Amino acid sequence: MKRMILTACLVAWSLLACDDDGDANNANNTNNTNNTNNTNNTNNVNNVNNVNNQLCGDGVIGGDEECDLTALGGHTCEDFGFEGGTLGCTQYCLFNFHDCTGQSEACATATATLAAELYETIGACAVAVRLDHETLEILGYAVFCGAYGGLDEAGALQRAVADAGIDAGAALVNPDDHGDGWLFLADGAAAFVNADNGLTAFGGTWEAGGAGDLIWPDTWRAADELADDCPPSGGTPQARGFDLTDGAAALDPALVDAAVARVQRTALFAGFWQGGYVFHTTVLRYARTVDPVDPLTAEWIVLVGGGWLE
C-alpha cells in the first residue's frame, strides 16, 4: 500500500503548493509557520488535523488519507501482518495499530535488530530519522551510540565543528534547556549534538535561492530497515521542535506530534523500549533552499534519544 501519509495541502506551510488564492502564502510569510498572528496566512498552517483544511475528520477517505474516523477502506489488522485485533484511525487520518494483536514478522525482526544494536554496550544512542516534508514518508535513518559523556557548550560546539563543519562562532539556540541536545545555528547552517553521549546527530546547510545539503551524517540507512505499520510500544516523552527555516523558532506542537507519530509507526521506539528507555525526541524542520522554502527538497529530521538508564 502506498505510504503517502499526508497530501501537499496537509502541510500548507509548505507554501505555494496549496495557495488557493495566489497571495495567501506569499513569499514574505513562507518562513513563519509558527506566527499564528500573521493574518496573511489564510491556510491556518498550525491545523495539521485538517487535511486540505476540509478532508481529515469528515468520515470519508479522500486524497492520500489512509482512513478517516471509522472509514477504514475495508482494511483489517490482518492486512498489515497482524494476527488479529481491531484496526483504528488516528486524528491524522493514519491507520492506528494500537489494538491490533500479534506483531508482524517484519516489525518483530526490525525491533530485535535495532535493540541488539542500541544495547550492544551500556550507554546512550541518538537515532536520526529523515521524513519527506510533504508526505512524511520515511527517507532514511542513522544511529549514533556511545558511552554516556557530559559536554559543556564549548565541548559540544567543538564536536559540531569537527563533524558537521559548522562555523566555530555558531550560536547555541537552546542555552537554557539542552536536556535533549545542543542545537547550534550559524548563517545558513545548523548542527545538533546529543546531550547524553556527546555525538553529533545532524548537520545541514541551506541557501537563499540555492541549495544546501545534509552534511552529517554523510550516509543514511535504508528506510525499510525500520519496518512499518508497527504497533506502539512503551511511552513517548514530551517532544519539541525547531524550525530551521525560521531562525530555529519553536515549532507548533501539533507539527511536532505529526512527525513523531509517523516515526512511532516504525520499530524504532519498540527497539529502544525493548532494552531500555526513550529519553527525548526532537523535531527539526530543515530545508535546503529558503527565501522561499522549496517544499520539494525540504525534510523533517526526527531525533530520538534513549538507551540504558544509568
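At-a-glance table
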{"item": "GLU120 - accessible surface, heavy atoms, 1.4 Å probe, Å² rounded to 10", "result": "140"}
{"item": "Accessible area of ARG262 in the full protein assembly, 1.4 Å probe (Å², nearest 10)", "result": "10"}
{"item": "Kirkwood Rh, Cα atoms: Rg over Rh of segment 189-310", "result": "0.97"}
{"item": "Ranked order, ASP294, ASP79 - accessible area, probe 1.4 Å, largest first", "result": "ASP79, ASP294"}
{"item": "Shape call, segment 118-182: gyration tensor on alpha carbons, a/c limit 1.5", "result": "oblate"}
{"item": "In sequence order, calculated HN-Hα J values of segment 279-293 (Karplus, 6.51, -1.76, 1.60; Hz; x Gly/Pro)", "result": "8, 6, 9, 10, 10, 10, 8, 10, 10, 6, 10, 10, 6, x, 5"}
{"item": "For segment 221-310, share of DSSP beta bridges that run antiparallel, in % to the nearest 5", "result": "70"}
{"item": "For SER233, solvent-accessible area (1.4 Å; no DNA, RNA or ligand), Å²", "result": "40"}
{"item": "Two-site label geometry, HIS75 and ILE122: point separation in nm, points 7 Å out along Cα→Cβ", "result": "4.3"}
{"item": "Kirkwood-based shape ratio for segment 56-206, expressed as Rg/Rh from alpha carbons", "result": "1.10"}
{"item": "Other-chain or far-sequence residues with amide H under 5 Å of LEU199's (modelled H)", "result": "ASN194"}
{"item": "From phi via Karplus (6.51, -1.76, 1.60), per-residue ³J(HN,Hα) for segment 170-185 in Hz, x at Gly/Pro", "result": "4, 8, 7, 6, 10, x, 8, 8, 10, x, 8, x, 9, 9, 10, 10"}
{"item": "Accessible area of segment 219-280 belonging to carbon and sulfur atoms, whole % at 1.4 Å probe", "result": "49"}
{"item": "For segment 220-293: accessible area per residue (Å², 1.4 Å)", "result": "33"}
{"item": "Segment 156-213, accessible area per residue, ligands and nucleic acids excluded (1.4 Å, Å²)", "result": "38"}
{"item": "Segment 48-124 - Debye-derived log10 I(q)/I(0), Cα point model, q = 0.20, 0.24, 0.27 Å⁻¹", "result": "-0.83, -0.98, -1.11"}
{"item": "Alpha-carbon spread of segment 245-310, three principal axes, descending order, Å", "result": "44, 22, 20"}
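The values are calculated or read from the model by the stated rules, or taken from the named source; none is laboratory data. Here the structure is a predicted model, which means the values were calculated and not measured. Ideal geometry is used to build each Cβ from the backbone, glycine not excepted, and the neighbour counts take in all protein chains shown. Just the protein is used for accessible areas: all its heavy atoms, side chains included, with ligands, DNA and RNA removed. Shrake-Rupley method; radii C 1.70, N 1.55, O 1.52, S 1.80 Å.
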